[in-house]
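Taking it in order: structure first as structure tokens, then the write-up.
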Amino acid sequence: MQSESKSDHAVEKDTGSPVNDAWISPTGSKFPLLTPEQLRKLRRTAVYFALCVFIVLGLDYYLRHDSLGYLVARRGFRDFKRQNLRGIGAVYLADAVAGCNFDGADLGDANLVGVDFVRCSFRETGFQGARLHGVTFRRCNLAGANFRAVKGSCRFGDSKLTGAVFEASTLYGCSLQNQILPHTNFRVAKLRNCIFKDTDLRYCDFEGADLSGANLDGANLTGANLRGANLTGCSSTGSVVESVTMDEKTIWPTTNIHSKN
């Protein structure tokens with residue numbers, strides 16, 4: 001009988017069978033068996049880990065395939081004419097976006113923070129609600145572009161902005177220096193500390209706009225609508241202020257505006 005039990009034990013050990021609440025591997029290693037509670041915890045941990053991996057991979061796929069960085073840098077796309085790019089981001093974008101056509105495209109609510117656009121065309125492009133913090137437009141054609149309700153401190157270096165709309169935009173510290181912007185709509189825009197030096201602002205609509213701290217040196221404001229505009233702290237050396245429209249809500253700087261003779 002004893003020999004039979006020893007033989008049975010040897011068989012159990014060779015096949016990796018449980019013995020005395022432990023698992024004996026074919027090599028003789030002994031592993032304790034898990035309790036039902038430990039098994040449940042192990043299953044929960046495995047599920048959480050798999051879910052985390054799925055979320056991370058899915059997010060990475062979304063960021064890569066829904067960003068200018070992927071479309072321009074990875075896929076080499078250059079023509080986005082009339083494309084729906086609403087809400088697109090700019091992750092994975094290290095270099096400037098150069099020579100692209102965005103005419104008539106929808107970039108509304110896009111997150112374009114820090115993007116450098118060079119020699120791109122944005123004629124009648126919609127930027128409504130886009131985030132433009134740190135964005136630079138160099139030698140771009142932005143004629144008729146819609147910047148309504150955008151936010152950011154961007155720069156428009158040597159770019160064409162004829163017919164652009166900036167109504168209700170928030171462009172603190174934005175550089176619009178030496179631009180030709182007659183008849184441009186800046187109604188109720190927040191333009192604190194913006195630079196309009198030597199800019200043609202004839203017949204522009206600034207009704208209800210906040211221009212406090214703006215640099216208007218050398219700007220031409222002939223015929224501009226300044227009803228309800230706030231010009232507190234503006235600098236205006238050499239500016240042209242003729243035939244402007246104002247009302248009792250217009251707030252002028254504490255120092256008088258200096259006009260060209």
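The values are calculated or read from the model by the stated rules, or taken from the named source; none is laboratory data. Just so we're clear, the structure is a prediction, and the values are computed from it rather than from any experiment. Note: ideal-geometry Cβ built from the backbone for every residue, glycine included; neighbour counts use all protein chains shown.
Annotations
- Taking segment 199-225 as the range and being out of contact with any Asp or Glu (no Cβ under 7 Å at 6 or more places or on another chain) and farther than 19 Å from ILE251 by Cα as the test, the residues that pass are THR199, ASP200, ARG202.
- Residue within segment 172-182 that is within 19 Å of the chain's Cα centre (by Cα), closer than 30 Å to THR222 by Cα and buried (at least 18 other Cβ atoms within 10 Å of the Cβ) present: yes
- Of the set (1) modelled with pLDDT of 95 or more; (2) assigned to a strand (DSSP E or B), all apply to ALA168 but (2).
- Residues in segment 150-163 that are at pLDDT below 95 and assigned to a loop (DSSP other than H, G, I, E, B) were compared, and the one that is surrounded by the most Cβ atoms within 10 Å (Cβ to Cβ) is CYS154.
- Within segment 189-243, considering residues that are among the β-branched types (Val, Ile, Thr) and closer than 18 Å to PHE166 by Cβ, the one surrounded by the most Cβ atoms within 10 Å (Cβ to Cβ): THR199
- The single condition from (1) closer than 23 Å to SER239 by Cα; (2) crowded, with 20+ Cβ neighbours inside 10 Å; (3) of a type outside the set (D, E, K, R); (4) under 20 Å from the mean Cα position of the chain (by Cα) that PHE147 fails is (1).
- Under the condition of being modelled with pLDDT of 95 or more, assigned to a loop (DSSP other than H, G, I, E, B) and in contact with a Leu (Cβ under 7 Å, 6 or more places away or on another chain), the residues counted in segment 108-127 number 3.
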